[in-house]
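The structure appears right after this line, and notes come after that.
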Amino acid sequence: MARTNPSRKCKTSDVRETLQKMNYALVGETSAVQICRWTKNSINGDRGCWKEIFYGVKTNGCCQMTPAVMWCENQCLHCWRPIEMNLGTTLPKIDDPIEILDGIVEARKKLLIGFRGSKNADLKKLEEGLEPSLYTMSLSGEPTLYPRIGEMFKEIRKRNAVSFLVTNGLNPDVIKNFKDDEFPTQITVSTNAPNESLFKIWHRSTKSNAWEIFNETLDVIKSLKGKVRRVIRLTLVDIGEEGEFNETTNMSEENVKEYCDLIRKAEPDFVHVKGYKSVGYARARMGYDNQPWFEAVKDYAEKMQKELLSDGYKIGAEDERCCVVMLAKDGAKLKIDKV
């Protein structure tokens, strides 16, 4: 089921045009920012996302961004971004990290400024959130392909903001070679396949040895205990009836122990068990019926808790609206009080 990468046929200009239609603000040659629905909800007086509920980081100040918007090794089945338009793994230009961040902040302000005219907007929250308190590198693409990412995290810390890195785990040397002042506040490794066979189907990676590299990253994550907050994230997809990959699931009963073995390998502080959402470009690959209900996600997390109980993990938080349950290791501090 592995596919060739159709992104080779894509022109950068066409990709940029598509992203702009999707309300991405493009910065420099490879970076972008977008306002997520939870940030909009927060500014309009609703509650924040799971990051605020779990870790205490305010959603109105969350800057969802990337330094490598359409560059990635993988084409993951569940990804709601336009991965069919990936541009490969080599960035055409390496922009300065400070210039990127300055551009991201200004572009984000322009995206948010329209809320001043909304009758539902909490203007205090809006003004407070114009300067990001959290930079989440999970927008699109693989952020560790940007070679100066450590410098970027160092600059974010200078700005007294929290930083989250979400990575596919295919560039372990980047993480391993961070200097002590270059770590993000939290590293999350997307772990959406519990074994090599499903990994190849699920991620459709351009790297032939992706599974081996991914496992190397888990070893690196284990070695970073005490240096950075570490997370393993699962995005669970149920069997469905619609879409090209409708019968593909990564949440079978036998997968529970396989996931737990990977978690034991990495020994993270937290495990996020999330439910897939059929939105964006993912709808062409999987249908709405591939979305597990929160009850199913929680049930799966409870099975993992039972398997990992002797390793010190238990359910620490949950958020039904975001369809996510978090397992926390004994002694891990949920609330973030330093960047």
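The values are calculated or read from the model by the stated rules, or taken from the named source; none is laboratory data. Computed from a prediction, not measured in an experiment: that's the story for all the values here. Glycine also receives a Cβ, built like all others from the backbone with ideal geometry; neighbour counts cover every protein chain displayed.
At a glance:
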read-out	value
Of the criteria (1) farther than 28 Å from Lys335 by Cα; (2) buried (at least 16 other Cβ atoms within 10 Å of the Cβ); (3) among the small types (Gly, Ala, Ser), which one Ser13 fails	(2)
Inter-residue pairs, beta-carbon under 8 Å, first farther than 18 Å from Thr89 by Cβ and surrounded by fewer than 20 Cβ atoms within 10 Å (Cβ to Cβ) and in the range 191-214, second at pLDDT 95 or above and among the charged types (D, E, K, R), 6+ apart	Asn195/Glu258
Top-ranked residue in the range 1-57 [being more than 24 Å from Met152 (Cα to Cα) and of a type in the set (Lys, Arg); ranked as modelled with the lowest pLDDT]	Arg3
Qualifying residue in the range 268-279 (condition: at positive phi and part of a loop (DSSP other than H, G, I, E, B))	no
Residues of the range 292-339 satisfying the condition of being touching a Gly at 6+ places or on another chain (Cβ under 6 Å) and buried (at least 20 other Cβ atoms within 10 Å of the Cβ)	Pro292, Val297, Cys323, Met326
Unmet criterion (only one of (1) in a helix (DSSP H, G or I); (2) out of contact with any Gly (no Cβ under 7 Å at 6 or more places or on another chain)) for Met65	(1)
Index of the failed condition, Asp219 passing every other in (1) within 18 Å of the chain's Cα centre (by Cα); (2) modelled with pLDDT of 95 or more	(1)
Qualifying residue in the range 297-305 (condition: within 21 Å of Arg37 (Cα to Cα), of a type outside the set (Lys, Arg) and at pLDDT 95 or above)	no
Filter pass, Val27 being touching a Lys or Arg at 6+ places or on another chain (Cβ under 8 Å) and surrounded by 20 or more Cβ atoms within 10 Å (Cβ to Cβ)	no
Some residue of the range 53-71 being within 24 Å of Arg233 (Cα to Cα) and of a type in the set (Lys, Arg)	yes
Candidate set: the range 36-57, residues that are crowded, with 19+ Cβ neighbours inside 10 Å and part of a loop (DSSP other than H, G, I, E, B); chosen: the one nearest to the chain's Cα centre (by Cα)	Cys49
Lone qualifier among Glu155, Glu106, Glu99, Glu127 - being under 21 Å from the mean Cα position of the chain (by Cα) and of a type in the set (D, E, K, R)	Glu155
The range 258-290, residues that are more than 26 Å from Gln186 (Cα to Cα) and either without any contact (Cβ under 8 Å) to a residue 12 or more places away in the chain or crowded, with 22+ Cβ neighbours inside 10 Å (or both)	Ala282, Arg285, Met286, Asn290
Subset of the range 31-50 [under 12 Å from Lys125 (Cα atoms) and among the small types (Gly, Ala, Ser)]	Ser42, Gly45, Gly48
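Results for (1) among the acidic types (Asp, Glu); (2) touching a His at 6+ places or on another chain (Cβ under 9 Å), shown as yes or no for each residue.
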| residue | (1), (2) |
| --- | --- |
| Val237 | no, yes |
| Thr249 | no, no |
| Glu267 | yes, no |
| Met286 | no, yes |
